[in-house]
Amino acid sequence: MITYTYFSQAIVELNTQEVVRHELLLRMWDADQKVWRLPDDFEITVAMQIKLMKRALRRLKVKNVNIKLTPSQFADADVMHKIVDFVHSTDELGSLTVELTAAPSLEDIKTIGAEYRKNGVQLAIDDVGSDCDDFDVVEKLVPYVDCLKFALQNMRAQGKMDNLEENIEQWATLAKEHNTQFTFEGIESFSDLRLAKKFDVQNAQGFYFSHPAEPVATH
């Protein structure tokens with residue numbers, strides 16, 4: 001039997017560096033190595049996601065959280081209904097944002113996405129500029145989401161550091177044109193922090209602020 005947990009990483013308001021949210025990051029237990037690691041498969045059941053969210057919320061001081069959904073999870077109406085029920089029935093939750101690990105279809109974002117947002121769940125497109133780098137596709141989706149997340153760590157890993165500021169500028173401008181939040185991931189140094197501030201980023205996360213870790217009970 002595979003054991004899962006959610007690690008958490010703080011998302012901060014960039015100017016104050018106050019923690020405003022936590023991204024919940026799926027991990028599985030490796031019994032051989034005796035460590036938590038990235039899972040082989042992110043397609044866990046929605047029941048498991050909800051169970052892990054409840055456990056994390058009990059341990060987090062800030063109760064606003066983000067979770068990732070794969071394209072198939074996002075397109076599943078049953079998953080949507082169960083997450084919406086969880087949001088409405090969980091007093092301990094502050095707010096929930098669903099991060100999309102790949103650009104969904106326009107039809108899904110207009111139908112299932114609309115149901116999420118109508119019920120108070122915000123939507124974010126993750127990794128714009130790197131894993132999700134088709135500007136024309138995202139441009140059609142951005143009116144139907146609440147946040148774009150730019151992952152600097154992915155740009156480093158993929159060797160896309162040439163013309164970096166120009167790349168950031170187009171995504172930051174797209175977000176601003178649609179009054180959509182722009183979050184900067186992968187801040188690991190003071191120079192990264194200065195870069196984010198140059199583009200009027202609202203929220204940020206990265207090793208500069210905190211590393212992903214299991215939430216620790218506060219009481």
Practice task
Please find, among Glu18, Glu99, Glu23, the residue that is over 16 Å from the mean Cα position of the chain (by Cα) and of a type in the set (Asp, Glu).
Solution key: Glu18
Exercise for the section: Working carefully through the options Gly113, Gly120, find the one that is in a loop (DSSP other than H, G, I, E, B) and of a type outside the set (A, V, I, L, M, F, W, C). Expected result: Gly120
Exercise for the section: Go through the residues of region 159-177 one by one and say whether even a single one is under 17 Å from the mean Cα position of the chain (by Cα), modelled with pLDDT under 95 and not hydrophobic (A, V, I, L, M, F, W, C). Expected result: no
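Taking into account only those residues within region 127-152 that are assigned to a helix (DSSP H, G or I) and of a type in the set (A, V, I, L, M), which is farthest from the chain's Cα centre (by Cα)?
Ranking the qualifying residues of region 127-152, first place goes to Val137.
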Problem - Residues satisfying the stated conditions in region 165-192, i.e. part of a helix (DSSP H, G or I) and out of contact with any Leu (no Cβ under 8 Å at 6 or more places or on another chain) - result: Glu166, Asn167, Glu169, Gln170, Ala172, Thr173, Lys176, Glu177, Phe190, Ser191
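Test of understanding: among Phe199, Phe184, which residue is surrounded by 12 or more Cβ atoms within 10 Å (Cβ to Cβ), under 23 Å from Glu23 (Cα atoms) and free of Cβ contacts under 8 Å to residues at least 60 places away in the same chain?
Phe199
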Practice task
Please list, ordered by first then second residue, the pairs with beta carbon atoms under 9 Å, 6 or more apart or interchain, first in region 118-131 and free of Cβ contacts under 8 Å to residues at least 24 places away in the same chain, second surrounded by fewer than 22 Cβ atoms within 10 Å (Cβ to Cβ).
Solution key: Lys118/Val84
Fill in the blank from the handout: Here the residues within region 126-143 that are of a type outside the set (A, V, I, L, M, F, W, C), over 16 Å from Pro71 (Cα atoms) and touching a helix residue (DSSP H, G or I) at 6+ places or on another chain (Cβ under 7 Å) are Gly129, Ser130, Glu139, Lys140
Problem - Residues (surrounded by 17 or more Cβ atoms within 10 Å (Cβ to Cβ) and either at pLDDT below 95 or in a loop (DSSP other than H, G, I, E, B) (or both)) located in region 43-74 - result: Ile44, Leu60, Lys63
Fill in the blank from the handout: Taking region 184-219 and the residues there that are of a type in the set (Val, Ile, Thr) and modelled with pLDDT under 95, the one that is farthest from Phe150 (Cα to Cα) would be Thr218
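The values are calculated or read from the model by the stated rules, or taken from the named source; none is laboratory data. Not measured: the values here are computed from a predicted model. Here Cβ is always computed from backbone atoms with ideal geometry, including for glycine, and neighbour counts include all displayed protein chains.
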